[in-house]
Each structure stands twice: as structure tokens, then as C-alpha cells.
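Every read-out reported here was derived from the displayed coordinates using simple, explicitly stated rules and does not represent laboratory data. Nothing here was measured: the structure is a model prediction, and the numbers come from that model. Every residue, glycine as well, gets a Cβ built from its backbone with ideal geometry; the counts of neighbours run over all protein chains shown.
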Amino acid sequence: MSKLESFNQSVYLPVSSLPPNAPSVDPSLPPSPVIKMGWLDKNPPQGSMIYQRRWVKLDADYLRYFDNEKEVYSKRIISTSSIASVSNIGEQKFEVVTHSRTFVFRAESDLERNGWVSVLQDAVGDPRCRRESKGSLLSLSATNHEMQGYLELRGLRSKLYVVLCNDKVFLYKNQEDYKLGIGITFIDMNVGNVKDTDRRSFDLTTPYRIFSFMAETDQLKEQWVEAMRESIAEALSNYEVATKIWSEESNGFCADCGATKPEWAAINLCVVFCKRCAGQHRGLGPSISKVRSLKMDKKVWTEELIQLFMLLGNARANLFWAANVPPSEALLPSSCTEDRRRFITAKYREGKYRRYHQLFGNQQELDNAFVRPTSSRRVWSRSRSARTAVRVKRPHVLELLLDAVLIFPFVLSRAERRTLGVRRARPDSALNGPVLFIDRCLQT
């Protein structure tokens with residue numbers, strides 16, 4: 001048995017053949033932001049006194065454990081929304097209680113155990129948040145999946161419950177585990193390829209292993225193959241949007257906490273952020289932060305909007321939103337939920353850290369500054385009567401125009417504004433991002 005084969009063994013997943021030149025790790029793939037990882041001893045389900053050494057990873061969505069740190073596919077995956085409680089139980093041990101099973105882990109020291117308990121409790125959140133998260137997770141799985149059902153996996157005596165949802169294939173021991181949010185592993189379809197093999201069989205090939213499935217009928221097999229191929233095409237298409245936006249170096253890090261490869265954005269604030277921060281942005285409401293996924297909300301990402309995010313970038317956006325952040329208040333990828341809520345509310349709702357224009361507070365000078373650029377067709381093609389109507393009847397639109405004229409020169413160069421067509425921006429245009437980006441800059 002090769003070294004890589006041993007990495008991919010699982011109590012539920014049989015050892016399978018590997019593609020030629022299979023890599024142990026593909027650094028080009030965007031990893032899910034990991035909150036904490038490390039070695040822990042796990043008590044087997046039978047409650048034996050013999051603990052098993054496991055490499056454990058925690059992100060915003062899942063707690064997963066592996067045979068070692070080089071594995072790609074886990075032995076077990078536990079949705080954080082299915083966790084009811086996390087607590088110390090003495091002797092470097094702690095337990096993770098779900099609605100159907102209790103997982104017991106042991107760390108090398110009390111300090112390390114306390115660290116795991118703290119981050120797990122924060123990831124799980126309070127009971128009210130858990131109920132909301134669980135409902136949304138099951139709703140997503142139930143409504144957005146392309147297919148679900150039992151398939152045989154070569155090398156196993158029993159069938160697995162397989163769920164194809166968006167750009168991932170989830171493997172569960174049975175349907176009950178699927179409903180409870182406790183699975184075996186998931187497969188990212190942006191690295192997958194489906195090959196038709198025998199009469200009722202097909203292979204899902206990744207750079208790390210080959211999953212050989214068998215359906216109950218030829219018709220079901222054809223449906224699975226077609227659905228998986230569509231999922232792969234969609235995943236590659238969506239991944240292309242994220243790759244373009246990440247090509248701007250500062251977009252490769254969360255605008256709020258600095259976590260790598262953020263997959264969410266506020267299209268009206270022109271910032272890209274991680275999933276943990278996305279939850280707090282949603283809490284601000286769509287009037288402040290319009291949250292969209294880089295990978296799932298494909299229709300939102302027009303070429304113009306992608307170009308805008310590539311040209312602006314989190315670094316420039318934070319020249320406005322985070323110009324005055326005290327080091328003691330800055331977020332880290334490991335920051336807890338409460339710290340994120342406090343910081344993001346202060347940053348975007350209260351405008352605590354933003355950069356104010358030098359004329360802020362002097363309404364007369366602001367009015368004069370608005371009249372000068374708008375008198376030229378090079379910036380805003382509006383007559384004096386139109387400007388007066390805007391000021392009298394639609395003061396909010398006036399604020400937007402003032403914001404765009406007075407603030408954007410500090411963020412974009414003249415050539416870049418010309419490229420984006422900012423001088424022609426309207427509140428309802430495809431470039432509403434740059435206008436709303438500096439919305440409320442004149443408010444107290």
C-alpha cells in the first residue's frame with residue numbers, strides 16, 4: 001500500500017485506486033478558513049478506554065477529524081449546527097454533544113483542552129443561534145440539492161447515503177445521519193471528474209482518490225452522472241468568479257478579520273469577507289450590507305461588478321472604512337463572534353473607523369464643492385434646475401452624489417474612475433456599488 005493510499009483510508013471509506021501522479025495537497029485550491037486544528041485523542045463510540053489519535057480541524061461549518069494531517073477526506077464530519085453543547089469533563093477531556101451522539105476528545109494538557117472548548121463554544125454559539133443555523137442548514141440541503149439517495153461505494157458492504165448539494169457531494173452512513181448533520185466526508189466538485197464505467201457503475205475521480213459508485217438501476221445511474229457533471233460545470237464557473245476577484249491581492253484576505261480566501265462580499269460596500277464575518281454582516285440588514293456569495297450568487301456577478309472589485313480591492317476599501325482602527329480593537333481570524341459583531345457594527349453601521357472628508361461638518365463648503373464638479377459635463381451631466389430638484393425633493397440622492405464626487409477621488413485615480421464610468425453612475429445603475437460604498441459618509 002502506498003503512503004498516499006494510507007492517508008485516504010477511513011472507517012467508512014474503503015481504500016480505492018488513485019489517479020496517476022495524485023498529489024498529497026493542491027495549494028491552488030481555496031481552503032475553508034480553519035479556526036483551529038491539531039492532534040487530539042478520540043474515544044471510540046463503544047466507550048473503550050483505548051483512545052485513537054486523530055487530526056482535528058474546525059471551521060465555521062464543520063468539525064472534522066482525520067487519521068493524520070495529510071489526509072484530504074475525513075473519517076467523520078460534524079456540522080457545527082448539529083452540536084448541542086461543548087464542555088470540559090476533566091483530565092484534559094472534553095465532550096461534543098450532538099442531538100444523537102456524544103464525541104469525547106482528550107488533549108495533551110488542560111490549557112490545550114480549554115482552547116478547544118472555547119473556540120468550539122464560540123463556533124456553536126448560543127442556543128437561539130443554533131436553532132436558526134440548524135434550520136437554515138437543513139433547509140439548504142433539502143431545497144438546493146440536485147440529487148440525494150443511496151449508492152453503493154466499491155469496497156463497502158453497505159450503501160452510503162449520498163447528497164449532491166451545490167458544488168459538493170456529501171457522504172453519510174445513512175439518511176438519519178444526514179438529517180442529524182453528522183456525515184463521513186464531502187467532495188469538492190471543482191476538482192472532480194465523472195467517468196461512465198460499467199452497466200450501473202460510474203467513477204467520481206479527484207486528484208486524491210477515485211470514488212467508484214454503483215446505482216440500483218441504469219436510469220438512476222444516468223441521472224447521477226448527469227447531475228454530477230452539471231455540478232462540476234457550475235462549480236468551475238463559480239470558482240472562476242472567486243479566482244478573478246482574488247487576483248487582486250488584498251481580496252485574498254477578509255476585509256474585517258484577515259482570514260484567507262474569503263468567499264463572501266457586500267456588493268454595496270465593495271468589501272470581501274469570510275463566512276464568519278458574513279454572518280455579522282447579515283445582521284446589519286440589507287440596507288447597510290448586501291451580502292452575496294462569490295461562488296453561489298452567480299447572476300449577481302456581472303463583468304462590471306467583478307471589474308470593480310478587482311480594481312478597488314479590500315485594501316483601498318479599508319482606506320475609507322477602516323482608516324482609524326485602534327490596534328486593540330482590530331479583528332483576527334480567531335476572534336470570537338461577539339468581538340466580530342461589535343467590530344463590524346462599529347465599522348459599517350456607526351462609521352466609527354471611517355475616513356471623513358476634510359470638509360465634513362461644513363455644509364456650505366460641501367454644497368459649493370458639489371456645485372463646482374456638477375457644473376461640468378465631465379463629471380455629472382445635470383442642469384442647475386435638476387440639481388435644485390434633487391436637493392429639494394430627493395435629499396438622499398444628493399447625499400449619494402456628494403459622496404461619490406467628494407470621497408471617491410481619495411480612493412480611485414482619475415483614470416480608474418474614467419475606466420469604471422463613475423462619472424455616469426446612478427443609484428440604480430450596475431455601478432451602484434461605488435456610490436453606495438461611500439453612503440452615509442456625510443451623516444453624523
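Could you give P(r) for the range 57-102, binned at 5 Å from zero, as whole percent values over all Cα-Cα pairs? Going from the shortest bin to the longest, the percentages are 5, 20, 23, 25, 20, 7, 0.
Close amide-amide hydrogen proximity is noted between Tyr150 and Val162, each under 5 Å apart and 5 or more residues distant or on a separate chain (H modeled in the peptide plane; Pro and chain starts excluded). Once the Cβ-Cβ distance of Gln364 and Arg316 is raised to the sixth power relative to R0 = 41 Å, the FRET efficiency obtained is 0.85.
Pairs with C-alpha atoms separated by more than 32 Å, drawn from the list Lys75/Lys299; Lys93/Lys159; Lys179/Lys299, are Lys75/Lys299; Lys93/Lys159.
Highest mean first, the peptides 318-330, 183-195 sorted by other C-beta atoms within 10 Å per residue fall in the order 183-195, 318-330. Dipole orientation for the range 138-247: of the candidates Gln148, Met228, Pro207, Pro207 has the Cα lying most toward the positive pole (charges on Cβ; Lys, Arg +1; Asp, Glu -1).
Taking 4 °C and 1.567 mPa s as the conditions, I'd like the Stokes-Einstein D for the range 249-349 in µm²/s, using the Kirkwood hydrodynamic radius from alpha carbon pairs. Rounded, D is 96 µm²/s. Highest mean packing comes first when the peptides 304-312, 280-288 are listed by Cβ atoms within 10 Å, giving 304-312, 280-288.
Based on the mean of other Cβ atoms within 10 Å per residue, sort peptides 63-73, 111-121 so the most packed one is first.
Order by mean packing, descending: 63-73, 111-121.
The distance separating the Cα centre of the range 66-85 from that of the range 278-303 comes to 28 Å.
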